[in-house]
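Everything below concerns the one structure shown next.
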């Protein structure tokens, strides 16, 4: 496992320093330049760009194939959004807000939502996609539905989703739902508390990296589970944590719409290596004045 610091320059001066120090510069993704935490130049780079104006820092763990093969659970990561009509978005926001908060033991309550609507769906049958930008819920195509059923996957239910224009349920698409809740995540050093001038944000936790659990928390779980924390969105949606056979099925059957981030087990050798590199990155960023971590899930 290798932890990459992805650096986003906050002004032209910091970008110029970064490009000079990284010569030849690696390819940037979304304006972020990757530097390995193991790279001995990283402290000097951070010092120079921070003096110039600073950077936003996010961390990306790159796992070896053998490490991924040994993982028993993965967090689903959204790769596709199904757009809502304006009226649908309004109705769905109200539906989310009417859904009762559930205290699952996390830092903030979650919501398990039913009764969402979509007037128009443009999504292939082998795809799973987020319902709008904010609900944190997912729409499942018919090929995905068949694959889950054929594999005998557990822990999920497929709910109807309504076409409000015709007051009818979509036949080819369903809303993915589940009530199997995991215990709270392990609050390791990658879980941070946000300090913000905005009351709705201040004090909220965010996950900068992979989710981690005690080994007993993942034992004898169904294939589909939801987190005790609302990592799936500001509206209170929990993330999905799935068994290893789900990403295997996605790859084998060429299903689309989800990527998968490994869930780590507290006390494992991989978790110890992971935390050591994160602690090293946090120490480097902690010595700066104008740079900070951004992103994550919260």
Worksheet item: Out of the residues in the stretch 40-59 that are in contact with a helix residue (DSSP H, G or I) (Cβ under 8 Å, 6 or more places away or on another chain) and assigned to a loop (DSSP other than H, G, I, E, B), which is surrounded by the most Cβ atoms within 10 Å (Cβ to Cβ)?
Response: 54
Worksheet item: in contact with a helix residue (DSSP H, G or I) (Cβ under 6 Å, 6 or more places away or on another chain) and at pLDDT 95 or above: does that describe residue 253?
Response: yes
Worksheet item: Which of the residues spanning the stretch 239-260 are closer than 14 Å to residue 127 by Cα and in a loop (DSSP other than H, G, I, E, B)?
Response: 254, 255, 257
Worksheet item: Can residue 179 be described as touching a residue at least 40 places away in the same chain (Cβ under 8 Å), part of a strand (DSSP E or B) and surrounded by fewer than 23 Cβ atoms within 10 Å (Cβ to Cβ)?
Response: no
Fill in: Check on residue 67, modelled with pLDDT of 95 or more, crowded, with 17+ Cβ neighbours inside 10 Å and assigned to a helix (DSSP H, G or I)
yes
Worksheet item: Across the stretch 269-293, which residue is nearest to the chain's Cα centre (by Cα) among those that are in a loop (DSSP other than H, G, I, E, B) and surrounded by 14 or more Cβ atoms within 10 Å (Cβ to Cβ)?
Response: 291
Response to the item:
Only one of (1) assigned to a helix (DSSP H, G or I); (2) surrounded by 19 or more Cβ atoms within 10 Å (Cβ to Cβ) does not apply to residue 146, and that is (2)
Worksheet item: Looking at the stretch 206-227, which of its residues are in a loop (DSSP other than H, G, I, E, B) and over 14 Å from the mean Cα position of the chain (by Cα)?
Response: 214, 219, 220, 221, 222, 223
Discussion item. I'm told residue 232 meets every condition in (1) at pLDDT 95 or above; (2) crowded, with 23+ Cβ neighbours inside 10 Å; (3) closer than 23 Å to residue 132 by Cα except one. Can you identify the failing condition by its number?
Written reply: (1)
Worksheet entry | Hits in the stretch 156-170 (condition: at pLDDT 95 or above and either under 23 Å from residue 292 (Cβ atoms) or loosely packed, with under 12 Cβ neighbours inside 10 Å (or both)) | 168
Practice prompt. Would you check if residue 205 is touching a residue at least 60 places away in the same chain (Cβ under 8 Å) and under 23 Å from residue 6 (Cβ atoms)?
Written response: yes
Fill in: Among the candidates 224, 250, residue that is assigned by TED's automatic domain parsing to the domain that holds residue 144 and crowded, with 21+ Cβ neighbours inside 10 Å
250
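The values are calculated or read from the model by the stated rules, or taken from the named source; none is laboratory data. This structure is a prediction, so every number in the text was calculated from the model and none was measured. Quick reminder, even Gly has a Cβ in these numbers, built from the backbone with ideal geometry, and neighbours come from all protein chains shown.
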